[in-house]
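**Student:** Pasting in a structure now, in structure tokens, and then I'll have a few things to ask.
The values are calculated or read from the model by the stated rules, or taken from the named source; none is laboratory data. On a predicted model such as this, the values are computed, not experimentally measured, just so you know. When we count neighbours, we look across all protein chains shown, and the Cβ atoms used for this are built from the backbone with ideal geometry, even at glycine.
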Amino acid sequence: MRTIRMTVAYDGTDFAGFQAQKGQRTVQETLEGAVCQITGAATRVAGAGRTDAGVHARGQVISFRTTSPLGPLALRRATNAVLPPDVVVVDAADAPADFHARFSARARSYRYTIWNAPERAVADRRFVYHWRSYLDDEAMDRTAQGLVGRHDFAAFSGSLRGRERPTTTIRTVFRLQCWRDRHKVLIDAIADAFLPRMVRNIVGSLLSAGMRQVSADEVAAILAGRDRRLAGATAPARGLCLTGVWYD
């Protein structure tokens, strides 16, 4: 038995998320079908991030066990040959026997992209959230800095029904940065782990800060209060992308 590690990218628009769901098209089941077709054996694929429906990835990491004699390069090429156009393996390698894409991960990074212009985006429309009113990206970044560190992020957690419940809502955010690149407002988040819809819920509050509807101190108070009802609305999935995963 060998353990294979792959980095995959996908357009999440037409997927019901990463995690397998009965009767739904998911990234996990799509990858498992492709690996089975190449290796000739049913294989469970583990993912580092269980992205929601509509969320994209360019640095998702998966792992699986196989007895296939194909080398990593041959596995990558053969798997890509049978995958649909909206998912691709960008890297593959042998990994230690105890490597697990999710449980071995030490940090994950996401980027949320906002198209901040009166007219909607065309070329990037599947990957950005269109916000017409001008956003104060400096105010958004000041607000973001109050969320960096180890905190209880219950105020920014989505519903835990129907999925594995985390044992705690405490997470460590290593970086949360917001800045403008012409018509795009970009938000980068790196943490040891994320709660369900945590990034999208944080973005909702940062959008309020960008409209000068809430201050950095008010968002910090929402964090301390642990009440989801006081935080901003959940930002749409299409603007979010899993950009990377870190391991020891």
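**Student:** Working carefully through the options LEU147, LEU176, LEU186, LEU160, find the one that is out of contact with any Gly (no Cβ under 7 Å at 6 or more places or on another chain), at pLDDT 95 or above, in a loop (DSSP other than H, G, I, E, B) and of a type in the set (A, V, I, L, M).
**Tutor:** Exactly one of LEU147, LEU176, LEU186, LEU160 is out of contact with any Gly (no Cβ under 7 Å at 6 or more places or on another chain), at pLDDT 95 or above, in a loop (DSSP other than H, G, I, E, B) and of a type in the set (A, V, I, L, M), namely LEU147.
**Student:** Could you tell me how many of the residues in segment 140-154 are touching a residue at least 40 places away in the same chain (Cβ under 8 Å) and within 19 Å of the chain's Cα centre (by Cα)?
**Tutor:** Taking segment 140-154 first, the residues touching a residue at least 40 places away in the same chain (Cβ under 8 Å) are 140, 142-147, 151-154.
With within 19 Å of the chain's Cα centre (by Cα) added as a condition, the list becomes 144, 147, 153-154.
Residues that pass the stated criteria total 4.
**Student:** Next up: Quick check on segment 163-170. Is at least one of its residues touching a Ser or Thr at 6+ places or on another chain (Cβ under 7 Å), in contact (Cβ under 8 Å) with a residue 24 or more places away in the chain and surrounded by 14 or more Cβ atoms within 10 Å (Cβ to Cβ)?
**Tutor:** Within segment 163-170 (the criterion being touching a Ser or Thr at 6+ places or on another chain (Cβ under 7 Å), in contact (Cβ under 8 Å) with a residue 24 or more places away in the chain and surrounded by 14 or more Cβ atoms within 10 Å (Cβ to Cβ)), the answer is yes, since at least one residue qualifies.
**Student:** Filter segment 32-88 for residues that are in contact with a helix residue (DSSP H, G or I) (Cβ under 8 Å, 6 or more places away or on another chain), closer than 12 Å to VAL8 by Cβ and in a strand (DSSP E or B) and give the result.
**Tutor:** GLY47, HIS56, ALA57, GLN60, ILE62, PHE64, VAL87, VAL88
**Student:** For ALA105, which of the numbered conditions (1) in contact (Cβ under 8 Å) with a residue 24 or more places away in the chain; (2) small (Gly, Ala, Ser); (3) in contact with a helix residue (DSSP H, G or I) (Cβ under 8 Å, 6 or more places away or on another chain) fails to hold?
**Tutor:** (3)
**Student:** Please tell me if ALA34 is over 24 Å from PRO196 (Cα atoms) and either at pLDDT below 95 or crowded, with 16+ Cβ neighbours inside 10 Å (or both). Give the derivation first.
**Tutor:** Values: over 24 Å from PRO196 (Cα atoms): yes; either at pLDDT below 95 or crowded, with 16+ Cβ neighbours inside 10 Å (or both): yes.
Yes, satisfied.
**Student:** Another question, then. Exactly one condition in (1) at pLDDT below 95; (2) within 16 Å of the chain's Cα centre (by Cα); (3) β-branched (Val, Ile, Thr) is false for THR167; which is it?
**Tutor:** Failed condition: (2).
**Student:** If I filter segment 94-136 down to residues being touching a Pro at 6+ places or on another chain (Cβ under 7 Å) and not basic (Lys, Arg), which single residue comes out as farthest from LEU207 (Cα to Cα)? Explain how you work it out, then say what you get.
**Tutor:** Here is the first cut: in segment 94-136, the ones touching a Pro at 6+ places or on another chain (Cβ under 7 Å) are 94, 129, 132.
Subset that is not basic (Lys, Arg): 94, 129.
On the way: ASP94: 42, TYR129: 11 Å.
Among residues in segment 94-136 that are touching a Pro at 6+ places or on another chain (Cβ under 7 Å) and not basic (Lys, Arg), the one farthest from LEU207 (Cα to Cα) is ASP94.
**Student:** Another question, if that's okay. Exactly one condition in (1) more than 22 Å from GLY54 (Cβ to Cβ); (2) not assigned by TED's automatic domain parsing to the domain that holds THR79 is false for ARG120; which is it?
**Tutor:** Here ARG120 clears every test but (1).
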